[in-house]
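All remarks here apply to the structure that follows.
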Amino acid sequence: MLLFKLRKRQLIIVGILQFCLGFYLVFLLQENWFNVLNKIRLAIKAGDSGQLILAAGATSMLSTIQILPFFLGTVQILIGMPLQPVKWSKIRFCITLMVILLCSWLLAHIYGWRWEFVSSILSAIICLYLLEKIPPGRYNFWQVSFIFIQIIFAFQWLNTVPFLEPFLFGRSDIPLSIKIAGRYLKASSVLNFVGLAFCIPFLISGLATTGVIISSAQAIKAMEESREKERQLRNIQVKALENRVHQELHSLVHDLKTPLVTIQGLNSLLTMLNDPAKITEYSTRIERSVAQMTEMISEILYDSVRKETSVVELLDYVRAQLPLEDQSIFIDIHMSEGLPCLYINKIRVARAIINLMENAILAVSGKQRGNILFSVDPYVGGILVTVSDNGEGISESALEQIWEVGYTTRKTSGLGLPFVKQVIESHGGWVKISSCLGQGTTVRLFLPGINACNVQDQAE
Amino acid sequence: MGGTALRWQKKLIFKFILVLFLLISIGCQTSDNHEWTLPNLPRPIAKEKALITSAGQSTDAYIIAEMANQLLINNTFLPRAKETDLVNKSSLVVIVGYSPTGLKAANITFQNEKERLTHLLDRAVEQKMKVIVLHIGGKQRRNKWSDALLEMVVRRADYLIGVRSANYDGWFTKLSLQYNFPLTLVQDLGELKVPFTSIYR
């Protein structure tokens, strides 16, 4: 706010300086006006309408230079352009217009000329109208100046067009002298043509410049909005990930309860025992449970912690964690013989498999009979875990996005499958999904066996 | 909200343009004046050599000087001629047209210009020279300064040539009757050569 006030004050000062420049230009441009007069005299003497066209061009240019600081100064002081949006109210529009016209009238008075009110009014209205069309904060002083220059220049040319004289264009000294000389040299039609030939393209160019500024501003705005959306999406994903981590932690901490309960139970028995053999046995079991807890904690904390695990051990752990309250869901577990041992982070891999099972349970929930087939088979030196369900299935378009973080079809976090993929791939395996809409989904998950792991480690 | 603002803006612009054209059409109406004019002089009234000068320092004087040269009228063109320049001249041609830029370029004020013309006209009358006045700027060159110069000059005029559009209010006709000099009004500058030649030939 303070910065805004400061900048607004600066703008007012710049605006006032522009007014001063405008008045200073009256003296600065005087010689140039005399030169224009000499050009008209030369045109009359030499009968050269070319000199007259040059005089008309110089007149339009000098008039534009002279009036421009007043246009810009007024807009900067009254609107605070380009800091704030230009939204005209009737009064504001009229006051700005009046101040610009007053400046133009004052200028004519200083020169001792008749006031070119038609061209002044039209150029001021169009400039102010275009100014409002540009989105706030998307333009700068130079862009607005460029538009104003083109519009003012276009209308100044009309002052030297003889056929517009009945419409009160070109009443001031120099344009009138040009037109009278044009009549004498029979060059009125040339002046008509040249005036319009300059006015129309500059007018179109002014409108086109505004259009370009508007469209580029809209493009920048859209880009910023999409960036903001991306940022928000990232935030949501991070939050969801945090939730997921929390969820996982909750499950893992829950797993820690099992050895703790064992320790607690054995410990309470220890106090009642006198038999040293039993005490030793229970102490050994307590020690084993503590070791188990330590291992679990390590596996929870560090992804890189791996240990040799049998498939049975892994599946026992998975089975213990599965929520199976729904009586309408039938899970068929099939495990082949001769499965290799795995070298894995048991907790994480188990969580990945549980994730797949939870997805399958969700897919069949609500069905009269939900069937889930869970099978583990040997596959190229490792194991192939297959989870099939007879749920609703996934559409082809959804299948392409299913591995993206945050993508979900069930109002979940959308982090389950990316988590599965990350865990399995970090173990040197792969995971694939095939689905048929209305028939069900099959997920295949490969994990390398302990020998394959050793070969891989050696290769690395 | 935006649509309402746009609507009133359009209405406002439309009203502006409407009012502008109404004003213009009112301004463009010419009064029905009874003109007492001649197409040209029936016989020459002045002799060469002519001194051509400007009243108001507009570029219109350069047009008449150039026209005189084309018509082979023996002349001297001095936009800021003084009474001493009237020596060896038989007629004085004054082209009225106020130009503030012309006056500034000549580094003189409107008052200076009036004084110069007063002295010049006084001497011309003293020397019994014919004074021819031209106003070729049309309606747009009619303003309070040009009118003041014209009123001052036509008191001594023997002939006035003007462009018809400048007589939109009948003022030229009125002056012609008031100061009793013949008046020629032409449609445009192309028609000016005939009445201008008729002064000398």
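Readers should treat all values here as calculations from the given coordinates under stated rules, not as data from a laboratory. Just so it is clear, the model here is predicted, and its values are computed rather than measured. All Cβ positions, glycine included, derive from the backbone under ideal geometry; neighbour counts span all protein chains shown.
With contacts taken as Cα pairs under 8 Å at a separation of at least 6 residues, region B:84-201 carries a relative contact order of 24 percent. With axes computed from alpha carbons, what is the tilt in degrees of helix A:416-426 against the longest principal axis of chain A, rounded to the nearest 10 within 0 to 90? For A:416-426 against chain A, the angle is about 70 degrees.
Taking other Cβ atoms within 10 Å as a rough exposure proxy, A:SER328, A:SER104 sort from fewest to most as A:SER328, A:SER104. Using the Cα centre of the protein assembly as shown as origin and beta-carbon charges of +1 (Lys, Arg) and -1 (Asp, Glu), tell me which of A:ALA56, A:LEU322, B:ILE63 is placed farthest towards the positive end of the dipole. Result: B:ILE63, furthest along the dipole toward the positive end. Dipole orientation for the protein assembly as shown: of the candidates B:ALA81, A:ALA350, B:THR109, B:ALA81 has the Cα lying most toward the positive pole (charges on Cβ; Lys, Arg +1; Asp, Glu -1). The charge dipole of the protein assembly as shown, taken about its Cα centre with unit charges on the Cβ of Lys, Arg, Asp and Glu (plus for the first two, minus for the last two), comes to roughly 4340 debye. Placing unit charges on the Cβ atoms of the charged side chains and taking the dipole of chain A about its Cα centre, the candidate lying farthest along the positive direction among A:LEU270, A:TRP105, A:TRP403 is A:TRP105. Extension gain, A:ASN38 to A:HIS254: 0.36 nm times the residue separation minus the Cα-Cα distance gives 67.8 nm. By the count of neighbouring beta-carbon atoms within 10 Å, fewest first, A:TRP403, A:TRP142, A:TRP157, A:TRP115 end up ordered A:TRP142, A:TRP403, A:TRP115, A:TRP157.
Listed from fewest to most Cβ neighbours within 10 Å, the set B:GLU191, A:GLU228 follows the order A:GLU228, B:GLU191.
The long axis of helix B:144-154 is offset from the longest Cα principal axis of chain B by roughly 20 degrees. In this simple spin-label model, placing a label point 7 Å from the Cα along the Cα-to-Cβ direction at both B:VAL194 and A:GLN264 gives a separation of 12.8 nm.
Annotation for A:ILE333 and A:PHE146: the two label points, set 7 Å from Cα along the Cα-Cβ direction, are 7.2 nm apart.
In percent, rounded to a whole number, the relative contact order of chain B is 26, using alpha-carbon pairs under 8 Å and six or more apart. Neighbours of A:THR442 by Cβ distance under 14 Å: Lys/Arg scored +1, Asp/Glu scored -1, total -2.
Put a plus charge on the Cβ of each Lys and Arg, a minus charge on the Cβ of each Asp and Glu, and nothing anywhere else: the dipole of chain B about its Cα centre is then about 440 debye. Using a/c under 1.5 as the rounded threshold, could you call chain A rounded, prolate or oblate? The axes a ≥ b ≥ c are square roots of the C-alpha gyration tensor eigenvalues, and prolate needs a/b larger than b/c, oblate otherwise. Prolate.
A cut-off of 5 Å between modelled amide H atoms, ignoring neighbours fewer than 5 places along the same chain, links B:LYS47 with B:LYS130. Cβ under 11 Å from B:ARG141's Cβ, B:ARG141 left aside: what net charge do those residues give with Lys, Arg +1 and Asp, Glu -1? The answer is +2.
Each helix, a run of at least 4 DSSP H residues, gives -39500 (n - 2.57); summed and divided by the residues of chain A, these come to -23500 deg cm²/dmol at 222 nm. Evaluated with a Cβ-only charge set (Lys, Arg +1; Asp, Glu -1), region A:226-331 carries a dipole of roughly 440 debye about its Cα centre, given to the nearest 20. For the listed residue pairs B:LYS82/B:LYS193; A:LYS278/A:LYS346; B:LYS82/B:LYS114; B:LYS82/B:LYS130; A:LYS179/B:LYS130; A:LYS45/B:LYS114, the alpha carbons are over 20 angstrom apart in B:LYS82/B:LYS193; A:LYS278/A:LYS346; A:LYS179/B:LYS130; A:LYS45/B:LYS114. Once the chain from A:SER397 to A:SER426 is taken as fully extended at 0.36 nm per residue, the excess over their C-alpha distance is 7.8 nm.
Of the residues B:LYS104, B:LYS15, B:LYS49, the one that moves most in a GNM of chain B with alpha-carbon contacts below 10 Å is B:LYS15. In this simple spin-label approximation, A:LEU273 and A:ARG227 carry label points 7 Å from Cα along the Cα→Cβ vector, and these lie 6.8 nm apart. Per-residue 3J(HN,Hα) values for region A:306-321, derived from phi via the Karplus relation 6.51 cos²θ - 1.76 cosθ + 1.60 with θ = phi - 60°, read 10, 8, 5, 9, 7, 5, 4, 4, 4, 5, 4, 5, 4, 4, 5, 9 Hz in sequence order (x marks Gly and Pro). Relative to the longest principal axis of the Cα atoms of chain A, the long axis of helix A:346-364 lies at roughly 70 degrees.
Restricting attention to the protein assembly as shown, close to 50% of DSSP beta bridges with both partner residues there are antiparallel. Using a ≥ b ≥ c from the Cα gyration tensor of region B:54-136 (square roots of the eigenvalues), is it rounded, prolate or oblate, where a/c under 1.5 gives rounded and otherwise the larger of a/b and b/c decides, a/b for prolate? Taking the square roots of the gyration eigenvalues as a ≥ b ≥ c, region B:54-136 is oblate.
Its relative contact order, with pairs defined as Cα atoms under 8 Å and 6+ residues apart, puts chain A at 10 percent.
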